[in-house]
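A.B. asks: Dumping the structure here so I can ask a few things about it.
The values are calculated or read from the model by the stated rules, or taken from the named source; none is laboratory data. Because the structure is predicted, anything quoted here is derived from the model rather than measured. Cβ placement follows ideal geometry from the backbone for every residue including glycine, while neighbour counts extend to all protein chains displayed. These area figures cover heavy atoms from the full protein model, side chains too; ligands, DNA and RNA do not enter into them. Shrake-Rupley method; radii C 1.70, N 1.55, O 1.52, S 1.80 Å.
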Amino acid sequence: GAGVSQSPSNKVTEKGKDVELRCDPISGHTALYWYRQSLGQGLEFLIYFQGNSAPDKSGLPSDRFSAERTGGSVSTLTIQRTQQEDSAVYLCASSSAHEQYFGPGTRLTVT
Amino acid sequence: QKEVEQNSGPLSVPEGAIASLNCTYSDRGSQSFFWYRQYSGKSPELIMFIYSNGDKEDGRFTAQLNKASQYVSLLIRDSQPSDSATYLCAVNQAGTALIFGKGTTLSVSS
């Protein structure tokens, strides 16, 4: 079946612009997670959704970051007023139980 | 601070050998343990998961868990050049975010 999909695959934006990253989870998966991976760094948790609710937002690095999930499916991660340190690969994962399956990621470059 | 520690490597093994990857974790409440493989420029791919103490085998892969020692390992038998990648250890409690180690780079030479 179809896996997790993310769009765009690559995004180059100028410092100060807003960006939206999209995640389409595996059908039927109720849990959705956003992580990011910076060059040479480990995977860093951002936010977790169970259905449309976000019980854990503890990883969002600043109030410039927000996310929503609608219809228990697609999620959007929004970064406002992007900074160069936001450059990273943003990964989405979905889960129906314990195992989390990752999408291909969005590579964000802030110039 | 919940931490997962892995030796960054690189771990170099010849083709056909057994590769042994190790991981320790700090949170005694961890319930689920995962190994992901990540090729350069790609996203992590789940290859093994284990929840109970002991061994779990799947093809050439064996995951080993020792909760008392807070230790989890991955053995890859008959290593192939295509196994060359970064292996990420991850742990969590049910329904929570994964906590990842920084990964061990494995290089299998032909």
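A.B. asks: Using a 7 Å offset from the Cα along the Cα-to-Cβ direction at both B:Ala94 and B:Ser52, what is the distance between the two label points in nm, to one decimal?
C.D. replies: Using points 7 Å along Cα→Cβ, the separation is 1.6 nm.
A.B. asks: Mind checking Rg over Rh on chain A, alpha carbons, Kirkwood formula for Rh?
C.D. replies: For chain A, the value is 0.95.
A.B. asks: Rounded to the nearest 0.05, what FRET efficiency is calculated for A:Ser58 and B:Arg77 with R0 set to 45 Å and r the Cβ-Cβ distance?
C.D. replies: Efficiency, from the Cβ-Cβ distance: 0.70.
A.B. asks: Further, regarding this structure: Over the protein assembly as shown, what per residue volume does the convex hull of the Cα atoms give, in whole Å³?
C.D. replies: Each residue corresponds to 123 Å³ of Cα convex hull volume.
A.B. asks: How compact and how long is the range B:31-110, expressed as Rg and Dmax of its alpha-carbon atoms in Å?
C.D. replies: Here Rg and the maximum Cα pair distance are 12.7, 41 Å.
A.B. asks: Still on this model: For A:Gln83 and B:Ser107, what does the FRET efficiency come to when R0 = 30 Å and r is the distance between their Cβ atoms, rounded to the nearest 0.05?
C.D. replies: The formula returns an efficiency of 0.30 here.
A.B. asks: Let me ask you something else. List the accessible area buried at the contact between B and A, summed over both sides and calculated with a 1.4 Å probe, in Å² to the nearest 100.
C.D. replies: 1400
A.B. asks: Distance between the C-alpha centers of the range B:65-104 and the range A:53-73? Whole Å please.
C.D. replies: The distance from the Cα centre of the range B:65-104 to that of the range A:53-73 comes to 27 Å.
A.B. asks: Give me the percent of accessible area attributable to carbon and sulfur for the protein assembly as shown, probe 1.4 angstrom.
C.D. replies: The computed percentage sits at 45.
A.B. asks: Pairs to check: A:Lys57/B:Lys67; B:Lys2/B:Lys102; A:Lys11/B:Lys42; B:Lys2/B:Lys67; B:Lys2/B:Lys56. Give those whose C-alpha atoms are more than 19 Å from each other in this structure.
C.D. replies: With Cα atoms farther than 19 Å apart: A:Lys57/B:Lys67; B:Lys2/B:Lys56.
A.B. asks: With springs connecting C-alpha atoms under 10 Å apart, model chain B as a Gaussian network and identify which of B:Thr62, B:Thr96, B:Thr24 has the largest mean-square fluctuation.
C.D. replies: Greatest mean-square fluctuation among the candidates belongs to B:Thr96.
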